[in-house]
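Asks: Would you mind keeping the following structure in view while I ask a few things?
The values are calculated or read from the model by the stated rules, or taken from the named source; none is laboratory data. Owing to the predicted nature of the structure, the values given are computational and were not obtained by experimental measurement. Note that we place each Cβ from the backbone using ideal geometry, even for glycine, and neighbour counts take in every protein chain shown. Keep in mind that these areas ignore ligands, DNA and RNA; they rest on the heavy atoms of the full protein, side chains included. Shrake-Rupley method; radii C 1.70, N 1.55, O 1.52, S 1.80 Å.
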2 protein chains.
Amino acid sequence: MARAHLTAGSELDNCSARAAGCDFSGYDLDLDWAIALIKKSNATRIGLQAPEGLKRALPALARQIEEQTGSEVIISGDPCFGACDIDMLLSQEVDLMLHLGHAELEEGPKNVIFLEARVDEDLTAIAAKAASFLRAKRVGVATTIQHVHQIDQALQALRNCGIEGLIGPAGGRIRHAGQVLGCSYRSVRSLDVDEYLFIGTGRFHPLGIALATGKRVVTADPLTGNVSEIDTDPLLRRRFAAICLAKEARHFAILVSKKPGQRRMSLAKKLKALGEAHGLQMSLVFLDNIEPDRLVNLGAEAAVSTACPRVALDDAAKYGIAMLTPPEFEILLETREWVRYAFDEIEDGPAL
Amino acid sequence: MARAHLTAGSELDNCSARAAGCDFSGYDLDLDWAIALIKKSNATRIGLQAPEGLKRALPALARQIEEQTGSEVIISGDPCFGACDIDMLLSQEVDLMLHLGHAELEEGPKNVIFLEARVDEDLTAIAAKAASFLRAKRVGVATTIQHVHQIDQALQALRNCGIEGLIGPAGGRIRHAGQVLGCSYRSVRSLDVDEYLFIGTGRFHPLGIALATGKRVVTADPLTGNVSEIDTDPLLRRRFAAICLAKEARHFAILVSKKPGQRRMSLAKKLKALGEAHGLQMSLVFLDNIEPDRLVNLGAEAAVSTACPRVALDDAAKYGIAMLTPPEFEILLETREWVRYAFDEIEDGPAL
C-alpha cells in the first residue's frame with residue numbers, strides 16, 4: 001500500500017463525514033473517515049492504539065474494521081500516554097496504524113494515522129463564566145486537543161464580554177493554534193499578554209502555563225463548569241521538598257524514556273556528566289514505562305526523569321525515592337537558582 | 001567498531017581469565033573477559049542488560065567499565081526475563097551490549113554479547129544423592145545454564161552409582177548439550193530413556209520435562225540438597241480448572257509478545273481464526289510485558305498467551321481472568337483431547 005501520512009483532524013474540519021463520528025466514552029472519533037481510508041489504502045493489516053480511556057472501545061472497533069474492510073486488526077496492549085508514545089513495533093507489524101485520541105507530533109512513522117478525540121461541548125458558557133475571573137482585557141487562551149476545534153466559541157464569548165482572547169500558533173509538537181501539551185507551552189509563551197485562560201480538564205496544563213510563563217492563569221473546566229485561579233505554590237513547595245530530599249543522595253539514576261517522543265538521550269548524558277562533575281555516582285537508565293518496580297533493583301537513591309514531565313510532577317508520590325525533573329536537578333547542583341525554577345518542557349526546554 | 005558476535009560461555013571454558021570472574025549475588029560472571037573485549041572492540045557506547053536477580057550489580061559494573069575503558073554505559077531499566085527478551089532498542093543505542101545471565105538463543109542482534117551466569121557449585125554430591133531416587137539404570141540428565149558447565153560431574157557421580165546418564169544435544173534455542181529452557185525441552189525429548197534427572201532450582205523446568213516427555217522426573221537442587229519426584233497432577237488440575245473457567249468466556253484476547261524470542265504472531269493469528277470459527281469474539285493484542293493492568297480495559301473475559309509459557313503456567317493467579325496456553329485453548333475448543341495435554345513450548349511446540 002501507499003504509506004499514508006494523514007491526520008484525521010486536519011481534514012475533518014472540512015469533512016462532511018464528521019457528522020457520522022462515533023461516540024467513544026464521550027469522545028467523538030471519526031470512524032467512517034478511518035474506515036473509508038482503510039478501504040482506499042488497500043491495507044490488509046491494521047493496528048489500533050489508544051490511551052486507557054479509549055481502550056475499552058478497541059475490541060468492538062477492531063471487529064467493525066474487520067467486518068467492513070476484510071482486513072486483520074492487531075490491538076496495542078501496552079499503555080499509551082500520548083502522541084509521544086507511538087507503538088513503533090506495532091506500526092512495523094501492520095500496513096496502517098490508527099492512533100486514537102491524540103494530535104500528531106512532528107515525528108513518527110509514516111503509516112500512522114492520528115484520529116483525534118474531540119469533545120463536542122460548547123465552550124461559550126464556560127468562557128463567559130471565566131470572563132468575570134479575568135483581570136486583563138487582553139488574555140492568552142489555550143486548551144487541549146479535545147476542545148481546540150471549538151476554541152473560536154470561547155474567543156467570541158470573551159469578545160462579547162469586552163475581552164480580547166489571543167491564541168498561540170501551531171508549531172513544533174503543537175499541531176493546532178491554541179493547543180497546549182503537558183510537555184510544551186511554546187505556543188502560549190510567545191503571546192504578549194499578562195494573563196491566561198485555560199479551558200479544559202485537570203490542573204496539569206494550567207499549572208504548566210503558569211510556571212512556563214510566570215503569569216496569572218485562570219482555568220475553566222467545560223465539563224464541570226468550575227472556574228478557578230491557578231496557585232502554583234503547593235506544587236512548588238512539594239518540588240522544593242523533593243529537591244531537598246534528593247540532596248541526601250549520592251547515587252542518581254538518570255532515566256531516559258524509550259518512547260519516541262520522550263527520548264532525550266543527549267540531555268540525559270549532559271545531566272550525567274554534570275552530576276559526575278559534582279562528585280555524584282550517576283547511572284544512565286534506558287526504559288519504556290517508568291514504574292516504581294523498575295527502580296528497586298538499581299539501588300539509586302534518587303532519580304532524574306528526562307521522560308514526560310508528569311513522571312516527576314504528577315506521580316512523585318508513588319516512587320520510593322525522590323524523582324526530579326532536569327531543571328530541578330540543576331537547582332540541586334546549584335547550577336540554577338531556585339527563583340529560576342522552570343517547568344520541564346520536552347521542546348523549548350531550558351538549554352543545558 | 002566491528003560488530004562482535006561472541007558468547008562468553010563458549011570461549012570461557014578454555015579461558016584462563018575465567019578465574020578472575022566476579023561474584024554477582026552468588027553468580028560467577030567473567031568481567032575481565034568482557035572488559036578486554038570492550039577494549040579490543042573500541043566500542044565507546046556500552047549497554048548492560050540483566051535479569052532482576054543481577055540488576056543490583058549493574059550500576060557498579062557500569063562504573064567499572066567506564067573507568068577501565070573510557071566508554072559510556074547505558075543500563076537497561078526494563079524487566080528482563082531471558083535471552084528471549086533482548087533489549088532491542090538499547091542494542092540499537094550502543095556499539096556493544098552485554099546481556100548478563102542467559103545463554104544466547106539463535107536469533108538476536110549481532111552486537112549483543114551474552115555473559116552467562118554460572119554457579120560454581122559442585123554437582124557430584126547432589127547427583128550421588130539423586131541416584132538413590134532413580135529407578136532406571138539409564139536416565140536422561142538435564143540442567144539450566146547456571147550449572148550446565150559442570151554437568152560432567154553429575155554424569156560421573158551417576159556412573160559411580162552404576163547409572164548411565166545421557167544428555168540431550170544442543171540445537172535450536174538450546175545452546176549447550178544437557179541444557180533445558182523453560183520454553184524448550186527438545187533436547188531431552190530426543191533421548192530414548194524412561195526416566196529423567198533434573199539438576200537445578202525451582203520446579204518449572206522439571207515439570208516441563210515431565211509434561212513434555214510424559215516420563216518420570218526426579219529433581220535435585222544442588223543449592224538446597226533437596227531431591228524429590230515431580231508430580232504433574234497439581235499443575236494439571238489447576239490447568240483443567242482454568243480451561244473450565246475459560247469455557248464461560250465469549251470474548252478472548254490472544255496475547256502476542258513484543259519480545260523478540262517470544263513473538264509468535266503467526267501462531268496467534270491461527271488461534272484467532274480458530275476461535276472465530278468456533279463463534280468466539282477474538283482480539284489480537286500485541287504487548288511487551290504481560291501484566292494484569294494491561295488487560296483490564298480491553299474487556300476480554302479470558303486470554304490466551306502465546307508469549308513465554310510461564311505467563312499462563314506460573315502467573316495464572318495474578319490475572320483476574322483465565323489465562324490459557326495455546327494447547328489449552330485447543331482443548332477448550334475440543335480440537336485437542338485432554339489426554340493429549342501438551343506443555344507449551346516456543347520451539348517444537350504442537351503444530352497448529
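Asks: Tally the residues that are of a type outside the set (Val, Ile, Thr), in contact (Cβ under 8 Å) with a residue 40 or more places away in the chain and open to solvent by less than 20 Å² (accessible area, probe 1.4 Å), restricting the search to the stretch A:200-211.
Replies: Total meeting the criteria: 3.
Asks: Can you give me the number of residues within the stretch B:176-199 that are in contact with a strand residue (DSSP E or B) (Cβ under 7 Å, 6 or more places away or on another chain), buried (at least 22 other Cβ atoms within 10 Å of the Cβ) and not small (Gly, Ala, Ser)?
Replies: 8
Asks: How about the stretch B:129-144: which of its residues are of a type in the set (A, V, I, L, M) and crowded, with 24+ Cβ neighbours inside 10 Å?
Replies: Once the filter is applied, which keeps residues that are of a type in the set (A, V, I, L, M) and crowded, with 24+ Cβ neighbours inside 10 Å, the stretch B:129-144 yields B:Ala130, B:Val139, B:Val141, B:Ala142.
Asks: Next question, about the same structure. Return only the number of the condition from (1) assigned to a loop (DSSP other than H, G, I, E, B); (2) open to solvent by 40 Å² or more (accessible area, probe 1.4 Å); (3) within 21 Å of A:Leu58 (Cβ to Cβ) that B:Thr335 does not satisfy.
Replies: If we test B:Thr335 against (1) assigned to a loop (DSSP other than H, G, I, E, B); (2) open to solvent by 40 Å² or more (accessible area, probe 1.4 Å); (3) within 21 Å of A:Leu58 (Cβ to Cβ), just (3) comes out false.
Asks: Applying the selection to the stretch A:212-243, what residues are surrounded by 14 or more Cβ atoms within 10 Å (Cβ to Cβ), of a type in the set (A, V, I, L, M), modelled with pLDDT of 95 or more and part of a helix (DSSP H, G or I)?
Replies: Of everything in the stretch A:212-243, those that are surrounded by 14 or more Cβ atoms within 10 Å (Cβ to Cβ), of a type in the set (A, V, I, L, M), modelled with pLDDT of 95 or more and part of a helix (DSSP H, G or I) turn out to be A:Leu235, A:Leu236, A:Ala242, A:Ile243.
Yes/no per residue for (1) surrounded by 20 or more Cβ atoms within 10 Å (Cβ to Cβ); (2) out of contact with any helix residue (DSSP H, G or I) (no Cβ under 6 Å at 6 or more places or on another chain); (3) more than 10 Å from chain A (Cβ to nearest Cβ):
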{"position": "B:Leu54", "(1), (2), (3)": "yes, yes, no"}
{"position": "B:Ala60", "(1), (2), (3)": "no, yes, no"}
{"position": "B:Glu66", "(1), (2), (3)": "no, yes, no"}
{"position": "B:Glu72", "(1), (2), (3)": "no, yes, no"}
{"position": "B:Ile86", "(1), (2), (3)": "yes, yes, yes"}
{"position": "B:Met97", "(1), (2), (3)": "yes, no, yes"}
{"position": "B:Leu100", "(1), (2), (3)": "yes, no, yes"}
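Asks: Failed condition for A:Ala142, given (1) of a type in the set (A, V, I, L, M); (2) more than 15 Å from the chain's Cα centre (by Cα); (3) modelled with pLDDT of 95 or more; (4) not in a loop (DSSP other than H, G, I, E, B), with all others met?
Replies: With (1) of a type in the set (A, V, I, L, M); (2) more than 15 Å from the chain's Cα centre (by Cα); (3) modelled with pLDDT of 95 or more; (4) not in a loop (DSSP other than H, G, I, E, B) applied to A:Ala142, the lone miss is (2).
Asks: Another question, then. Read through the list (1) within 13 Å of chain A (Cβ to nearest Cβ); (2) open to solvent by less than 30 Å² (accessible area, probe 1.4 Å); (3) more than 24 Å from B:Phe81 (Cβ to Cβ), then give the number of the only condition that B:Glu276 fails.
Replies: (2)
Asks: Moving on to the next point. Out of (1) more than 20 Å from B:Asn226 (Cα to Cα); (2) in contact with a strand residue (DSSP E or B) (Cβ under 8 Å, 6 or more places away or on another chain), the odd one out for B:Ile145 is which?
Replies: Every condition holds for B:Ile145 apart from (1).
Asks: Which of (1) more than 9 Å from chain A (Cβ to nearest Cβ); (2) of a type in the set (S, T, N, Q); (3) touching a strand residue (DSSP E or B) at 6+ places or on another chain (Cβ under 6 Å) does B:Gln281 not meet, given it meets every other one?
Replies: Condition (1) is where B:Gln281 drops out.
Asks: What's the number of the only condition in (1) closer than 15 Å to A:Gly214 by Cα; (2) open to solvent by 20 Å² or more (accessible area, probe 1.4 Å); (3) not small (Gly, Ala, Ser) that A:Gln153 fails to meet?
Replies: (1)
Asks: Quick check on the stretch A:120-131. Is at least one of its residues away from chain B (no Cβ under 14 Å) and within 18 Å of the chain's Cα centre (by Cα)?
Replies: No; the residues of the stretch A:120-131 include none that is away from chain B (no Cβ under 14 Å) and within 18 Å of the chain's Cα centre (by Cα).
Asks: Select from the stretch B:253-273 the residues that are over 20 Å from B:Leu105 (Cβ atoms) and open to solvent by 30 Å² or more (accessible area, probe 1.4 Å) and write down the one among them that is farthest from the other protein chains (Cβ to nearest Cβ).
Replies: Only one residue fits best here, namely B:Lys270.
Asks: While we're on this one: Please give the number of the condition B:Glu93 fails out of (1) touching a Gly at 6+ places or on another chain (Cβ under 7 Å); (2) farther than 21 Å from B:Leu287 by Cα; (3) away from chain A (no Cβ under 14 Å).
Replies: (3)
Asks: Could you list all residues from the stretch A:145-164 that are free of Cβ contacts under 8 Å to residues at least 40 places away in the same chain and assigned to a loop (DSSP other than H, G, I, E, B)?
Replies: Scanning the stretch A:145-164 gives A:Cys161, A:Gly162, A:Ile163.
Asks: Would you check if there is a residue in the stretch B:50-62 being free of Cβ contacts under 8 Å to residues at least 40 places away in the same chain and more than 23 Å from A:Ala300 (Cβ to Cβ)?
Replies: Checked against the condition, which is being free of Cβ contacts under 8 Å to residues at least 40 places away in the same chain and more than 23 Å from A:Ala300 (Cβ to Cβ), the stretch B:50-62 yields no hits at all.
Asks: Does the stretch B:310-325 contain any residue that is open to solvent by less than 10 Å² (accessible area, probe 1.4 Å), assigned to a helix (DSSP H, G or I) and of a type in the set (Gly, Ala, Ser)?
Replies: yes
Asks: If you don't mind, there's one more thing I want to ask. Could you tell me whether any residue of the stretch B:244-252 is farther than 16 Å from B:Cys308 by Cα and surrounded by 20 or more Cβ atoms within 10 Å (Cβ to Cβ)?
Replies: yes
Asks: Of the conditions (1) crowded, with 23+ Cβ neighbours inside 10 Å; (2) more than 14 Å from chain B (Cβ to nearest Cβ); (3) in a loop (DSSP other than H, G, I, E, B), A:Ala307 fails just one. Which one is it?
Replies: That leaves (2) as the condition not met.
Asks: List the number of the failed condition for A:Ala300; all other conditions in (1) away from chain B (no Cβ under 14 Å); (2) assigned to a loop (DSSP other than H, G, I, E, B); (3) over 27 Å from A:Gly178 (Cβ atoms); (4) not charged (D, E, K, R) hold.
Replies: With (1) away from chain B (no Cβ under 14 Å); (2) assigned to a loop (DSSP other than H, G, I, E, B); (3) over 27 Å from A:Gly178 (Cβ atoms); (4) not charged (D, E, K, R) applied to A:Ala300, the lone miss is (1).
Asks: In addition: Checking B:Ala177 against (1) of a type outside the set (Phe, Trp, Tyr); (2) modelled with pLDDT of 95 or more; (3) out of contact with any Pro (no Cβ under 7 Å at 6 or more places or on another chain), only one condition comes out false. Which one?
Replies: Of (1) of a type outside the set (Phe, Trp, Tyr); (2) modelled with pLDDT of 95 or more; (3) out of contact with any Pro (no Cβ under 7 Å at 6 or more places or on another chain), only one is false for B:Ala177: (3).
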